[in-house]
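Chemist: Okay, here's the structure, questions in a sec.
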Amino acid sequence: MNINNYPEIKAGKDFISKIYVAIMLWIVGRAIQAASRVDKEVKKEFAEFPADFMMCMSILPFGPHMVVGKDKNGKVKYMGWNPQGKKITLTMNIKSMAAAMQVFTFQESTTTAFAHDRFTVDGDIVQGLAVVRVLNIVEVYLLPKIITKLAVKRYPKWSEMSPLRKWVGRIIIYVRAFTF
Amino acid sequence: MQIPDYYEFLNQAKIISGKKAMEHIPFELRGYDAQKPLVVTSRALSESGLIKKFIGAFKDSAVTLGGIFNDVRDYAGIGLARDAAFLYRERGCDSIIAVGNGPEVDVAKAVNILVAEKTDDLFKYFEGTPLKRHLKPLIVVPACCSSGMEFTNTVTVDNRSLTSNFLYPDLAVLDPRMTPAKSRDCVAESTVIAMAHAVGAALTDIHSPMIEAYAHSALRYLGLHMTKGLKKPGHVETSLALHNAYALAALAFSNAPAGMVHLLAVELARATDISAGKFMRILLPYKMAHMMHKKMKIRDELFLALAGYDEYAATPAKDRSRAGVERVLALLAGLKGMMPETMKDLKVPKYKLGDIAKAASARSGKRYSEADCKTVLEHAWEGRAF
């Protein structure tokens, strides 16, 4: 048999998806940093994390990545896209770029993606679930209701998050995320 | 609730089912420390565009496909297995992915034995030499006309079968991009095979809660989705539900003693070169009628699985056995015009029935008497009721 009739096939690249997900991770990372200073629930979630908390969210196998952790002063900070040289205490991996696109184009909520085993967590699972709750809150601030409803498990009621809190928080988070 | 008998049950395959399931394959391969699978498939699937979709699922992964061996047709032969094994070795592959159904998976399993055992003599394992260790990682991606047999621990090459627990696939991926069928006939045959296996497992005289659970779920899915699947073979959600039913039925079948319908259908297929599914369609109603005729116990669970809790609760206990059989017959009646209904239609020579009954009885380890096998065969041949 002539094996040249059956060529090897290298995996293709999807640069558009990669760039889109990288931008989304940057926005979400910056927004988590801003929300941790603005929203009391996000503050409370992070307050319970240890001082050396450092989380890396990655798309397997080659990235992009998002690193968020506590700095020396205990403040939550977006630490960039490169986990190299950082002491990561919690790794959350999305199994494939296609799964990441499902999540970041809001076709599948973060909680559903967790339930569908699209994530793997290396570290304290309690912290992993807290991060999912934080992501839900951040999405409520960042996105219009019609899209957020697709991305979160349950959109907060007025009693849980008043429109005033939502809009004031949204403006501050957007300003902080994109300025300093 | 009954006390379970002694039983053993093995389901080795991890099953991933649903949207974007194929995109999880690179991650799963990493778990096996594998990065270069050989893909075994058929030319028909390559030409239909399904292989293009399959390859697309590996985008942005670290996996290199060692080759797409797409020479399989509707028959798994040793020549194909040797060619694919040669390609596997030349390319330095470390795992196998079978995309397709029966013959593709059989060739992949045969390749796996050849490369893992480092041999060219496949048939020594069919003649008594046991497989003693885990083979290379084997992933199965059923496409179109799957019958669920891909999930079993059996390989059939050149009409010879081998069963070993090392032949279960390690991973089965049910992706809605691959499962829609091309024709009604294809769905008809697949559902009949699953139905025969699930009914056979549900009515087995061994009481195993595992077998019952798998058979129950298989029958429930078939009861709910078979009719729609036959009307719209390309319907994505229905085809995925049916493929789940095929998998469940095959796993129940793999762990239960083979039923009479399966044994007779396989022997008939060997004798005539007609697919076993067609014979299962013909034999299943006669086997059930034979059981009723001999006043054998037909578990109420059959009716429960096919009808659901409400109808089950509304039916008097004494009528449930019969109602279960009627449900099976009603579902099979939905296949009218798609599959032959008597063996006369298939031009099976009547003089062969005796030998077939004898062979099936022997293969069952005498669980089914030759006389019973022959009675069912003769009624099915003539289309005569009990």
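Chemist: Return the long-range amide H neighbours of A:Met79 (sequence gap of 5 or more, or a different chain), with a cut-off of under 5 Å between placed amide H atoms.
Modeler: A:Val67, A:Val68, A:Gly69
Chemist: With the solvent-accessible surface defined on protein heavy atoms using a 1.4 Å probe, which residues belonging to the range A:65-106 display a reduction of at least 40 Å² in accessible area in the multichain context relative to the isolated chain?
Modeler: At a threshold of 40 Å² (probe 1.4 Å), the residues of the range A:65-106 that become less exposed are A:Lys95, A:Ala98, A:Gln102.
Chemist: Efficiency by 1/(1 + (r/R0)^6): what FRET value for A:Glu8 and B:Lys52, r their Cβ-Cβ distance, R0 = 22 Å, to the nearest 0.05?
Modeler: Rounded to the nearest 0.05, the efficiency is 0.85.
Chemist: Turning to a different aspect of this structure: How high is the FRET efficiency from A:Lys40 to A:Phe62, r the C-beta distance, R0 30 Å, rounded to 0.05?
Modeler: With R0 = 30 Å, the Cβ-Cβ based efficiency is 0.20.
Chemist: Taking 29 Å as the cut-off for C-alpha to C-alpha distance, list the pairs among A:Lys75/B:Lys59; B:Lys124/B:Lys366; B:Lys118/B:Lys358; B:Lys109/B:Lys350; B:Lys231/B:Lys344 that go past it.
Modeler: A:Lys75/B:Lys59; B:Lys118/B:Lys358; B:Lys109/B:Lys350
Chemist: Sticking to Cα atoms, compute the Rg of chain A to one decimal and its Dmax as the biggest Cα-Cα distance, whole number, in Å.
Modeler: 17.8, 72
Chemist: Could you check the simple spin-label distance between B:Ala314 and A:Asp117, using points 7 Å along Cα→Cβ, in nm with one decimal?
Modeler: 3.8
Chemist: Please compute how much accessible surface disappears when A pairs with B, both sides summed, using a 1.4 Å probe, and round it to the nearest 100 Å².
Modeler: 2400
Chemist: For the pair B:Lys228 and B:Ser17, what calculated FRET efficiency results from E = 1/(1 + (r/R0)^6), where r is the Cβ-Cβ distance and R0 = 25 Å, to the nearest 0.05?
Modeler: That pair, B:Ser17 with B:Lys228, gives E of 0.85.
Chemist: Separate question: Kindly identify the range B:313-385 as rounded, prolate or oblate by the Cα gyration tensor criterion: order the square roots of the eigenvalues as a ≥ b ≥ c, call it rounded if a/c is under 1.5, otherwise compare a/b with b/c, prolate if a/b is larger, else oblate.
Modeler: Oblate, because a/c is 1.5 or more while a/b does not exceed b/c.
Chemist: Pick out which of B:Ala305, B:Ala317, B:Ala215 has the largest mean-square fluctuation in a Gaussian network model of chain B, springs linking Cα atoms closer than 10 Å.
Modeler: For chain B, modelled as a Gaussian network with Cα springs under 10 Å, the answer is B:Ala317.
Chemist: Separate question: By its C-alpha gyration tensor, with a ≥ b ≥ c as the square roots of the eigenvalues, how is the range B:194-285 shaped: rounded for a/c under 1.5, else prolate for a/b larger than b/c, else oblate?
Modeler: Oblate, since a/c reaches 1.5 and b/c is not below a/b.
Chemist: Run the numbers on the range A:1-28: which residues show a drop of 50 Å² or more in accessible area, chain on its own versus all protein chains together, using a 1.4 Å probe over heavy atoms?
Modeler: Buried on complex formation: A:Met1, A:Ile3, A:Tyr6, A:Glu8, A:Ile9, A:Ala11.
Chemist: For the range A:1-103, with all protein chains present and a 1.4 Å probe, just round the carbon and sulfur fraction of the accessible area to a whole percent.
Modeler: For the range A:1-103, the apolar C and S fraction of the accessible surface comes to 57 percent.
Chemist: Given chain B, report the % of alpha carbon pairs whose separation exceeds 28 Å.
Modeler: Tail fraction, whole percent: 45.
Chemist: Leaving ligands, DNA and RNA out of it, report the carbon-plus-sulfur percent of the accessible area of chain B at a 1.4 Å probe.
Modeler: Answer for chain B: carbon and sulfur cover 52 percent of the accessible area.
Chemist: Then there's this: Once label points are set 7 Å from the Cα along Cα→Cβ at both B:Leu329 and B:Arg367, what is their separation, rounded to one decimal in nm?
Modeler: Each label point lies 7 Å from its Cα, and together they span 2.5 nm.
Chemist: When a/c reaches 1.5 or more, the comparison of a/b and b/c decides; with that in mind, is the protein assembly as shown rounded, prolate or oblate per its Cα gyration tensor?
Modeler: prolate
Chemist: Using a basic spin-label model with each label point 7 Å from the Cα along Cα→Cβ, how many nm lie between A:Arg176 and B:Asp121?
Modeler: Label-label distance for A:Arg176 and B:Asp121, simple model: 7.4 nm.
Chemist: Sticking with this structure for a sec: In the range B:228-329, which trypsin sites (Lys or Arg not before Pro) fall in coil by DSSP and have 10 or fewer other Cβ atoms within 10 Å?
Modeler: Taking the range B:228-329 and a limit of 10 other Cβ atoms within 10 Å, the loop trypsin sites (Lys or Arg not before Pro) found are B:Lys294, B:Lys295, B:Lys297.
Chemist: Hey, got the Cα dimensions of the range A:112-180 along the principal axes, in Å, largest first?
Modeler: Sorted largest first, the three principal extents are 35, 29, 19 Å.
Chemist: Give, as ranges by residue number, the residues of the range A:16-36 whose backbone N falls under 15 Å from the point 7 Å along Cα→Cβ of A:Lys75.
Modeler: Only A:30-36 fall inside the zone, counting backbone N under 15 Å.
Chemist: Further, regarding this structure: Per residue, what accessible area does the protein assembly as shown have, given a 1.4 Å probe and all protein chains present, in Å²?
Modeler: It amounts to 45 Å² per residue over the protein assembly as shown.
Chemist: Gap in Å between the Cα centre of the range A:103-147 and the Cα centre of the range B:59-118?
Modeler: 39
The values are calculated or read from the model by the stated rules, or taken from the named source; none is laboratory data. Only a predicted model underlies this, so the values are computations on that prediction, with no experimental measurement involved. Cβ: placed from backbone, ideal geometry, glycine included. Neighbour counts: every protein chain shown. SASA here: full protein model, heavy atoms, side chains in, ligands and nucleic acids out. Shrake-Rupley method; radii C 1.70, N 1.55, O 1.52, S 1.80 Å.
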